[in-house]
1. Here's a check for you: in the range 46-78, which residue that is acidic (Asp, Glu) and touching a residue at least 12 places away in the same chain (Cβ under 8 Å) is nearest to residue 32 (Cα to Cα)?
2. Filtering the range 69-99 down to residues that are in a loop (DSSP other than H, G, I, E, B) and more than 19 Å from the chain's Cα centre (by Cα), which residue is surrounded by the most Cβ atoms within 10 Å (Cβ to Cβ)?
3. Would you please list the contacts, defined by Cβ atoms under 6 Å and residues six or more apart or on different chains, that run from a residue in the range 79-102 that is over 25 Å from residue 56 (Cα atoms) to a residue that is β-branched (Val, Ile, Thr) and surrounded by 11 or more Cβ atoms within 10 Å (Cβ to Cβ)?
Amino acid sequence: MAQGHPVSIFTDIGGSMMPGITANQGCRMLKMKKHCQQCQAKTNETDLAFICSFECTFCSTCSDHHDFICPNCSGELLQRPRRTRTPLDVSLDQVKKKLFGQ
């Protein structure tokens, strides 16, 4: 399927599809890695962390130590967004809005 065409985000669930709920092919959430790739410090979804375009993940201390340049790919390390809700909660709200207009 060509890039940008809508595809269903749900597969066959118990013999029935969830109609009308689509996403662009290739869209996905960030991998919210739970540890710094350098020192193994915790970088949970709500913690301050820095990522490059390949989603290499580093804590604030290691990012500063590397002058905010990824030691793996030499890309720029930028502050990773923090998640305040679980992906499941967000998905459920989207389904409710789509199906029930809430």
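A short reminder: the numbers here are calculations on the coordinates, not readings from a lab. Everything quoted here is computed from the prediction, not taken from an experiment. As a convention, Cβ positions derive from the backbone with ideal geometry for all residues, glycine included, and neighbour counts pool all protein chains shown.
1. Per the stated criteria, the residue is 55.
2. Ranking the qualifying residues of the range 69-99, first place goes to 71.
3. Short answer, once both residue conditions are applied: 98/21.
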